[in-house]
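The values are calculated or read from the model by the stated rules, or taken from the named source; none is laboratory data. A quick note: this is a predicted structure, and the numbers were derived from the prediction, not measured. Note: ideal-geometry Cβ built from the backbone for every residue, glycine included; neighbour counts use all protein chains shown.
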Amino acid sequence: MKIFHSITEFVATKKTILTLGTFDGVHFGHKSILNKVNQSTLNDTYESVVLTFYPHPRSVLQDQTALKLLNTIPEKIELLTQLGIQNLIIHPFDTAFSKLTAEEFVRDLLVERLKIHKIIIGYDHRFGSNRSADINDLIAFGKKYNFEVEQISAQEINEISVSSTKIRNAITEGNLDLANQYLETPYSLIGKVVKGKQLGRTLGFPTANLAIDTFTKLIPQNGVYVVKSMLDHKTVLGMMNIGFNPTVGGDQQSIEVHFLDFQADLYDQELKISILHRLRGEQKFENIQALQSQLSTDEKNTRAYFASFQEPNKS
C-alpha cells in the first residue's frame, strides 16, 4: 500500500475508486465499505484510494483534545494494508480545511486531484463546511461532475448499528467481548517494555511494564484482562493489569502484562498486546498476601478462559 500525507502528494495514474472517513477502529461496518472498494478495482481499470484525516476532525471542530482513538496512525496503516487497499491518503485536518464548501471539496479535491470514477460512502456520511452536505448532495455532485456514488446501508450486528463511538464506549466500560465482536479482531495496545517498580516479580508474577501513548490511544477501564501476544514468533498467553496498584499505594496508572509459561528479557522491545476478555475490576486488597491470592485466582481464571474458549486465530 502506498501512503501519502496530503491530497496534494497523490498523483492518480488512472481513475480512482474512493472512500473517505476517519476509519477509527476499522470495524465491521468499515470493512463492508472497504471490501466494496476492492471489488470495484479487481479488473485493474481503476485504483483504490482511502482518504482519511489526522487529527480526528472532532478534535479540531469540537475542541475535544481529550478524544481517545481506537487506532493510532501506524495501527490504521497496518489494518488497511491487510485489507488490500492500494493507496492511503492521510490528509491534515485543520480549521482552514474544514471551511471548504461541499462543492469546493468535491470539485477541487475529489474530482480534480483524486480523479474519482466512483465514491463509495457510508449511509450517514456528511461533509463540507459545517457538515452541511449529505448523500443526496453527493449524488447531485456526481451527476454534475460525472462520477458514480454508491451508498452503503447501516451494517447491523445483533440489530445494533456499528459505530466507532459504540466500540469506544464498550472499551471504556471494559466490555472487550462486545468491542471485539464489532471489530472482528481483538482490540490491541502497542507499547515498549520499560522498567517499572518490579513489584510483580516480588509477588511471584513478573510483568512486562508497557509505555503506551495514553494521550491519544483509548485505554480500557482499569482492571485485569485476558490477553495474548506474539513473542519469538509464537503466540503467548497472559493476563494484563491496567490501574494504579492501590494495594501498594500506587499513584500513577500502569499497564503491566504477566505472560503464562514464558520467561525472557523483554526490556526495550515493542509488544502488541491483544485484549480478549475482562476478568475483574481494579481492587484494593487488605494486604500483600490477599493480593497474591487474587493474582493466583486471576491466573487460574485466565488459563480456564483459554481452555474453554476457542479464540479466533488472529494476533
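Values computed for the structure shown
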| read-out | value |
| --- | --- |
| Test set (1) out of contact with any Phe, Trp or Tyr (no Cβ under 8 Å at 6 or more places or on another chain); (2) in contact (Cβ under 8 Å) with a residue 60 or more places away in the chain; (3) more than 22 Å from residue 167 (Cβ to Cβ) - residue 19 fails condition number | (3) |
| Condition check for residue 71: at pLDDT 90 or above, surrounded by 14 or more Cβ atoms within 10 Å (Cβ to Cβ), assigned to a loop (DSSP other than H, G, I, E, B) and not assigned by TED's automatic domain parsing to the domain that holds residue 190 | yes |
| Any hit, segment 243-252, residues being farther than 18 Å from residue 196 by Cα and either crowded, with 17+ Cβ neighbours inside 10 Å or at pLDDT below 95 (or both) | no |
| Residue that is surrounded by fewer than 20 Cβ atoms within 10 Å (Cβ to Cβ), more than 18 Å from residue 142 (Cα to Cα) and charged (D, E, K, R), where the choices are 44, 108 | 44 |
| Qualifying positions in segment 94-137 - assigned to a loop (DSSP other than H, G, I, E, B), out of contact with any Lys or Arg (no Cβ under 6 Å at 6 or more places or on another chain) and without any contact (Cβ under 8 Å) to a residue 24 or more places away in the chain | 112, 126 |
| Residues satisfying the stated conditions in segment 257-290, i.e. surrounded by 14 or more Cβ atoms within 10 Å (Cβ to Cβ) and closer than 14 Å to residue 188 by Cα | 257, 271, 272, 273, 274, 275, 276, 277, 278 |
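Yes/no per residue for (1) over 30 Å from residue 56 (Cα atoms); (2) part of a loop (DSSP other than H, G, I, E, B); (3) in the same structural domain as residue 67 (by TED's automatic domain parsing):
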{"position": "251", "(1), (2), (3)": "yes, yes, no"}
{"position": "268", "(1), (2), (3)": "no, yes, no"}
{"position": "271", "(1), (2), (3)": "no, no, no"}
{"position": "279", "(1), (2), (3)": "yes, no, no"}
{"position": "303", "(1), (2), (3)": "yes, no, no"}
